[in-house]
Amino acid sequence: MSYHSLKEICKICKNEDKEFWEVIRADDCCERQVSPDESLQDMNKMYEAMLSADASYDKKKRSASRLSGGDGALFWEYVESGMNLSGSFMGKVIARAVCMAETNACMGRIVAAPTAGSCGVIPAVLISYQEKTGIDNKKCAMALFTAAGIGEVISQKASLSGAAGGCQAEIGSAAAMAAGMTVHLQGGTPQQICDAAAIALKSFLGLTCDPVGGLVEVPCIKRNAAAAEAAVSACDMVMAGIKSAIPADEVIEAMNEIGHDMPEKYKETAQGGLAVTESAVRKTRPRTRI
Ligand code: SF4
């Protein structure tokens, strides 16, 4: 691995006159012994899998637990009515994030980027961006390298797993990856990519992993929508000239510390937080037949 921090990636960009995504791709080429074209093609396949998961959403499907399904369709209808306050682009981002996370809950095929629980964040932003701007799949694949680089640094310096670091590590990381990716798409600098990742991740520090019934459904699905929104707003803040007061690497280190200090009951054990609320217990109680 040629980098161990986001600061190092920025330094390589400067020294070698490369874009952020190119540094990450070069590393992939080195690690997997593939050509730059092969590396890009493989990432493109990943994006195509995201597109196909987005297209395959089935509003009639319900999860085995019956805790989820159909909410994405409700949100699409609301966006199409034009009544939603979040506007057309953000409305589509929210709808797609919910649909993708529901597809995961209903055992559909998704791309776990960075995890299955947070699978809706990156594609919701990227597919909606492509629809809005008309960029081709190749450009989307390039953007995914930027997201991957941020995720790689987080996994090295902290964790991407809810069981290890709480939901901040899953949903927070997905938000950071999507924020940096969107800044790349908007033509931002490597430093701006890092600032957006920092701003997005800061919004989720301390977030517990407390899934109802131990299932990746409640609150996971709606958190995907929140993270996708946070990514877009972090990108817009940065592109407006706002900087992160705390550098991204330090935010990741803070997340790692918080994750270590977080009690086990908030690390995917379903023994604390939302998982033990009265409604959660009622909804997941085994049904008995008389
Ligand atoms: S609550 Fe836990 S299982 Fe659900 S998305 Fe967050 S980290 Fe994943």
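We did not get these values from a lab; they are worked out from the coordinates using the rules stated. These figures come from a predicted structure and were not determined experimentally. Don't worry about glycine lacking a Cβ; one is built from the backbone with ideal geometry, like all the others, and counts go over all protein chains shown.
Given 0.36 nm per residue, what is the gain on full extension from residue 46 to residue 136 after removing their alpha carbon distance, in nm?
Details: separation 90, 0.36 × 90 = 32.40 nm, distance 1.42 nm.
Extending this stretch completely gives an extra 31.0 nm.
How large is the dipole of the chain about the Cα centre if only Lys and Arg carry +1 and Asp and Glu carry -1, each at its Cβ, rounded to the nearest 20 debye? Write down the numbers at each step before the final one.
Details: 30 positive and 35 negative charges, 261 e Å.
Dipole magnitude for the chain comes out near 1260 debye.
So what are the three principal axis dimensions of region 2-94 from its Cα atoms, in whole Å, longest to shortest?
49, 31, 24
Calculated FRET efficiency, residue 31 and residue 189, Cβ-Cβ r, R0 25 Å, to nearest 0.05?
The calculated FRET efficiency here is 0.45.
Taking all pairs of distinct Cα atoms, average 1/r, flip it, and tell me the Kirkwood hydrodynamic radius of the chain in Å to one decimal place.
Values: mean 1/r = 0.0524 Å⁻¹.
Computed over the chain, the radius equals 19.1 Å.
Given 0.36 nm per residue, what is the gain on full extension from residue 261 to residue 283 after removing their alpha carbon distance, in nm?
On the way: separation 22, 0.36 × 22 = 7.92 nm, distance 2.99 nm.
My answer for the length gained is 4.9 nm.
Distance check, please: which entries in 92/139; 202/222; 61/92; 7/267; 60/92 exceed 25 angstrom between their Cα atoms?
Working: 92/139 20 Å; 202/222 18 Å; 61/92 20 Å; 7/267 29 Å; 60/92 19 Å.
Too far apart for the 25 Å limit: 7/267.
Would you mind calculating the gained length between residue 271 and residue 19 on full extension (0.36 nm times residue separation, minus the Cα-Cα distance), in nm to one decimal? Each step should come with its number before you reach the end.
Numbers: separation 252, 0.36 × 252 = 90.72 nm, distance 4.42 nm.
Length difference between fully extended and current span is 86.3 nm.
Consider a paramagnetic label point 7 Å from the Cα of residue 65 along Cα→Cβ; state which residues of region 252-288 have an amide N under 13 Å from it.
Flagged as within label range: 268-272, 274-277, 279-286.
Pairs of Cα atoms under 8 Å, at least six residues apart: use those to get the relative contact order of the chain, whole percent.
Details: 505 pairs, mean separation 56.4, N = 290.
It rounds to 19 percent for the chain.
Can you list the cysteines of the chain that have no other Cys Cβ under 4.7 Å away?
For the chain, the answer is 10, 13, 29, 30, 99, 106, 119, 140, 194, 220, 235, because their Cβ atoms have no other cysteine Cβ under 4.7 Å.
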